[in-house]
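Encoded as structure tokens, the structure appears first; notes follow it.
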Amino acid sequence: MQSNLEEQFHAAMLNIYEQGTRLKPSYRATRFRQMVLSLGGKAAADQLLSAPGVSDGFTELFLRGPENLRLSVEYVVLQEPWRPLFTDEQRAVARKRLHDMGVELPEGAA
């Protein structure tokens, strides 16, 4: 059974999709949304963090301005209250990807 925190994280993952649609120019990460809806937010994040490189969505957000990487899975998993859902290794991957792009990490994520 999914924990309440995982359910809330799932909603947060869908929320970053919605926020992306309001960017200028708009970004509709339909494959990301489908992945979250089919796998669940936590499993989708696990899959994206285990990939050898950044996702197309990460790149698209960066191209709209590095500040938009706050809508990336990498940024979200480093925020409270979601951090405990992920392993040290997963958080290290997220930190490195953001650091490599010059993005300031969420408070307490360093």
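Derivation of every value follows stated rules applied to the coordinates shown; laboratory data play no part. Quick caveat: nothing in here was measured; it's all calculated off a predicted structure. Cβ atoms come from the backbone with ideal geometry, glycine included; neighbour counts cover every protein chain shown.
Scanning region 7-41 for residues that are among the small types (Gly, Ala, Ser), more than 13 Å from VAL73 (Cβ to Cβ) and either in contact (Cβ under 8 Å) with a residue 40 or more places away in the chain or in a helix (DSSP H, G or I) (or both) yields ALA11, SER38. Set side by side, the residues LEU39, LEU78, LEU49 differ, and just one is touching a Gly at 6+ places or on another chain (Cβ under 9 Å) and farther than 15 Å from GLN19 by Cα, which is LEU78.
Just give me the residues in region 53-94 being touching a helix residue (DSSP H, G or I) at 6+ places or on another chain (Cβ under 8 Å) and of a type in the set (Lys, Arg), in sequence order. Spell out how you get there, then give the answer.
Going through region 53-94, the residues touching a helix residue (DSSP H, G or I) at 6+ places or on another chain (Cβ under 8 Å) turn out to be 54-58, 61-62, 68-69, 71-78, 81-86, 90-91, 93-94.
Passing the criteria: ARG83, ARG91.
Taken over region 42-67, the criterion of being surrounded by fewer than 20 Cβ atoms within 10 Å (Cβ to Cβ) and either touching a residue at least 60 places away in the same chain (Cβ under 8 Å) or in a helix (DSSP H, G or I) (or both) is satisfied by ALA43, ASP46, GLN47, SER50, ASP56, THR59, GLU60, PHE62, LEU63, PRO66, GLU67.
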